[in-house]
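Q: Sharing a structure here in structure tokens format.
The values are calculated or read from the model by the stated rules, or taken from the named source; none is laboratory data. Note that the structure is predicted; figures quoted are calculated from it, not measured. Cβ coordinates were reconstructed from backbone atoms using ideal geometry, including for glycine residues, and neighbour counts include every protein chain displayed. SASA here: full protein model, heavy atoms, side chains in, ligands and nucleic acids out. Shrake-Rupley method; radii C 1.70, N 1.55, O 1.52, S 1.80 Å.
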Amino acid sequence: METNLTPLLLSLQVAVLSTSIVFVIGIALARCMTRRHFFGKHVLESFFLLPLVLPPTVVGFGLLLLFGKNGFLGKLLDQWFGITVVFTLTGAVIASIVVSFPLMYQSAVAAFTSVDRRLEDAARTMGASEWRLFWTVVFPLAWPGLLAGFVLSFARGLGEFGATLMLAGYLPGRTDTIPVAIYFAVESGQMEKAMFWVIIIVALGMSTTLWLNWWSRRNLRRYANQK
């Protein structure tokens, strides 16, 4: 069986790009939300987490309405920058960002909440700016939780299907990520090809979660030894 490895390369490209963006945005929003209290905060947080509970096809439909040819953002991107989102790899990246963001956000909120506020206050009394405080105190202490969110977001982005199919479609060599390739291989009766990609994505997912579990156990042992 001859198998084109393009779906693997496209999936990795989408996962890396989306996870990098989600990592930055998730940290920024989580830091802001953990430090401030305002009216409607819980509603906003529920909106952030909405992709976790909605079917991926619903998320994809919403993105299609937003980034489609007649959508608000779709029109702006096309008129101002000449960028088309639907049926492109950009659409796959956007879909992956939306569905994986809640995992990064939740992990970052938990990580920042676990940081002892007394350490932050002590750094402020010593004259540290908020920027320096974040990078020298908060970020190193929250790093284990942030890394966990990064890994989970990467795994989620790698396996995204429903929203990606709705927004990016299936264009061989351009938007056929592994989950999409599996679906259309089954649809066309190419079971060997579908099985090949299933094995690949299961191996990638298992490797990711095994590494995360190993890393978490190692850090827990190190923390216990320090105590």
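Q: Which condition does A108 not pass, out of (1) among the aliphatic types (A, V, I, L, M); (2) without any contact (Cβ under 8 Å) to a residue 12 or more places away in the chain; (3) surrounded by 15 or more Cβ atoms within 10 Å (Cβ to Cβ), if it passes all the others?
A: Every condition holds for A108 apart from (2).
Q: Now a separate question. Which of (1) more than 21 Å from F47 (Cβ to Cβ); (2) surrounded by fewer than 18 Cβ atoms within 10 Å (Cβ to Cβ) does L73 not meet, given it meets every other one?
A: (1)
Q: Please note which helices (runs of 4 or more DSSP H) are completely contained in the range 112-227 and include at least 2 residues that are surrounded by fewer than 18 Cβ atoms within 10 Å (Cβ to Cβ). Can you show your working first?
A: Values: elements: 117-125, 130-133, 139-159, 162-168, 178-187, 191-226.
Because the criterion is at least 2 residues that are surrounded by fewer than 18 Cβ atoms within 10 Å (Cβ to Cβ), the helices (runs of 4 or more DSSP H) in the range 112-227 that meet it are 117-125, 130-133, 139-159, 178-187, 191-226.
Q: Say we look at the range 54-70 and pick out the residues that are free of Cβ contacts under 8 Å to residues at least 24 places away in the same chain and among the hydrophobic types (A, V, I, L, M, F, W, C); which of these is surrounded by the fewest Cβ atoms within 10 Å (Cβ to Cβ)?
A: Here is the first cut: in the range 54-70, the residues free of Cβ contacts under 8 Å to residues at least 24 places away in the same chain are 54, 58, 62, 65-66, 68-70.
In the following step, the residues that additionally are among the hydrophobic types (A, V, I, L, M, F, W, C) were identified as 54, 58, 65-66.
Numbers: L54: 16, V58: 15, L65: 13, L66: 15.
Result: L65.
Q: Within the range 3-25, identify whether any single residue is more than 27 Å from D78 (Cα to Cα), part of a loop (DSSP other than H, G, I, E, B), in contact with a helix residue (DSSP H, G or I) (Cβ under 9 Å, 6 or more places away or on another chain) and open to solvent by less than 60 Å² (accessible area, probe 1.4 Å), and answer yes or no.
A: Within the range 3-25, one or more residues are more than 27 Å from D78 (Cα to Cα), part of a loop (DSSP other than H, G, I, E, B), in contact with a helix residue (DSSP H, G or I) (Cβ under 9 Å, 6 or more places away or on another chain) and open to solvent by less than 60 Å² (accessible area, probe 1.4 Å).
Q: Given the condition under 27 Å from P179 (Cβ atoms), in contact (Cβ under 8 Å) with a residue 40 or more places away in the chain and open to solvent by less than 40 Å² (accessible area, probe 1.4 Å), answer yes or no: does some residue in the range 36-53 qualify?
A: Scanning the range 36-53, I find at least one residue that is under 27 Å from P179 (Cβ atoms), in contact (Cβ under 8 Å) with a residue 40 or more places away in the chain and open to solvent by less than 40 Å² (accessible area, probe 1.4 Å), so the answer is yes.
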